[in-house]
Amino acid sequence: MSKILEDNVNYKCRKCGSRASVRVTYAKLLLCREHFLEYIENRVLNTMKRYGILKDTKRILVALSGGKDSLSLLHILSKIKDKTELEEIIGIHIDLGLGEYSLESINAVKKACQDTGTNCIIIPIKELMDHNLPELVELTRRPPCSLCGLIKRYILNLTAIELGVDAVALGHHMDDVLVFIIKDFLFQDNIDMAKMIPVTKGIQGLLAKKIKLLYEIYEDDLSTYAYLAGIKTTKTPCPYKYQDPFKNSIRKMMDELENYAPGFKISVARRLAKNLEKTPILEEIQPCRYCGMPSRNGICSICSLTMKIHGEPIGPKIKVKIKNKLQQGTLHL
Ligand code: FES
Ligand code: ZN
Ligand code: ZN
């Protein structure tokens, strides 16, 4: 974890001897602003090398919510790109139509893409599904977060397949990953647990490969990185933000253990990756009979959802709309 030092504290940066701005507890380091940013960028590079995350990966689609995690990832990627095999980074933001929160998110994403020289695609779900998220929640009576996750996964995967990119980069950091894995373990959800590893394989033309370059990066480090790098992020919380009591308790337990033994989370994350990589995801995936996207039983979640609300599966229509949108080109911000 990292902590910004108070102004009246006068420690020296380990690297250059100028005034330190940050204490990195797990590495017992004091660093100035520049060397902290460089330190985190190098940690991402090392994570990438350790797990072979960018192996055979030249073009990626980065999912951008507008929050500190995904926007820091975009900035870090733009900084380390020349040290990797990466040739093209494309940003994507899915506009859920959540009022102030969505407006702020879009602005933050556009600014980050402008600052990093990244081409970007902004996809409003209303254009694809005739409804925004609140309307879909109303119509389906499903929990907003699961509905949101299902829609985002579908659009991200479909766009990645249509663009022919090598992978989708997600902004999940280590604290999130550990909480998900431990919760899935407690509920014995082995399939979801195995999906949390740094690289999940794709299936040509059906399922995009997913990569997590922040797999070993603490959430605190990303907050500090975003702040010190001057990245403008969404401040308004999602109106559906939900405090899951299971996840909160797991997070608290992990934080206590980390305080007791700094670096604990990194060593757990490494062991989990090693063990989970040995456990193949035993999930039968087949193309949806309507839209051709991944499904467990022949009908994908979007086609089955829209059969209930539109009276027909609109996966094929969404596909055409995304194709048309991509033909118009990505936004050159
Ligand atoms: Fe998906 Fe809040 S961003 S429910
Ligand atoms: Zn320094
Ligand atoms: Zn479908």
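Taking all protein chains into account, the per residue accessible area for the stretch 114-202 stands at 42 Å² (1.4 Å probe).
When only the Cβ of Lys, Arg, Asp and Glu is charged (+1, +1, -1, -1), the dipole of the stretch 126-235 relative to its Cα centre reaches about 200 debye.
Taking every protein chain into account, the accessible area of the stretch 1-113 amounts to 47 square angstrom per residue (probe 1.4 Å).
Heavy-atom accessible area with a 1.4 Å probe sorts GLU87, GLU258, largest first, into GLU87, GLU258.
Rounded to the nearest 0.05, the FRET efficiency derived from the C-beta distance between LYS3 and LYS126 at R0 = 45 Å is 0.60. In the assembled protein chains, HIS131 presents an accessible area of approximately 50 Å² (probe radius 1.4 Å). Let me check against my output: what whole-number percent is the relative contact order of the stretch 104-250, with C-alpha pairs under 8 Å and at least 6 apart? Relative contact order here is 27 percent. Accessible surface for the stretch 209-333, divided over its residues, is 57 Å² per residue with a 1.4 Å probe.
By a 1.4 Å probe calculation restricted to protein chains, LEU139 has an accessible surface near 90 Å², given to the nearest 10. Annotation: peptides 245-257, 30-42, ranked by per-residue average of other Cβ atoms within 10 Å with the highest first, follow the order 30-42, 245-257. Rounded, prolate or oblate, given the Cα gyration tensor of the stretch 1-158, with a/c below 1.5 counting as rounded? It comes out prolate by the Cα gyration axes. Think of it as helices only: each DSSP H run of n ≥ 4 in the chain is worth -39500 (n - 2.57), and spread over all residues that comes to -15500 deg cm²/dmol at 222 nm. The DSSP beta bridges internal to the stretch 1-143 are antiparallel in roughly 40% of cases. Among bridges DSSP assigns within the chain, what percent are antiparallel (round to 5)? Counting DSSP beta bridges with both partners in the chain, the antiparallel share is about 45 percent. Taken as entire DSSP H runs, the helices of the chain that both span 27 Å or more between Cα atoms along their own long axis and average -1.0 or more on the Kyte-Doolittle scale are 144-163.
Considering only Cα-Cα distances, which of the following residue pairs are longer than 29 Å: LYS212/LYS308; LYS15/LYS210; LYS235/LYS321; LYS83/LYS274; LYS241/LYS278? Beyond 29 Å between Cα atoms: LYS212/LYS308; LYS15/LYS210; LYS235/LYS321; LYS241/LYS278. Around PRO280, under 13 Å between beta carbons, what's the net of Lys plus Arg minus Asp minus Glu among the other residues? Charge balance in the 13 Å sphere: 0. Taking only protein heavy atoms and a 1.4 Å probe, the accessible area of the chain is 52% carbon and sulfur.
The values are calculated or read from the model by the stated rules, or taken from the named source; none is laboratory data. This structure is a prediction, so every number in the text was calculated from the model and none was measured. Virtual Cβ from ideal backbone geometry, glycine too; neighbours counted across all protein chains shown. When the accessible area is computed, the model is the full protein with side chains, heavy atoms only, and any ligands, DNA or RNA have been set aside. Shrake-Rupley method; radii C 1.70, N 1.55, O 1.52, S 1.80 Å.
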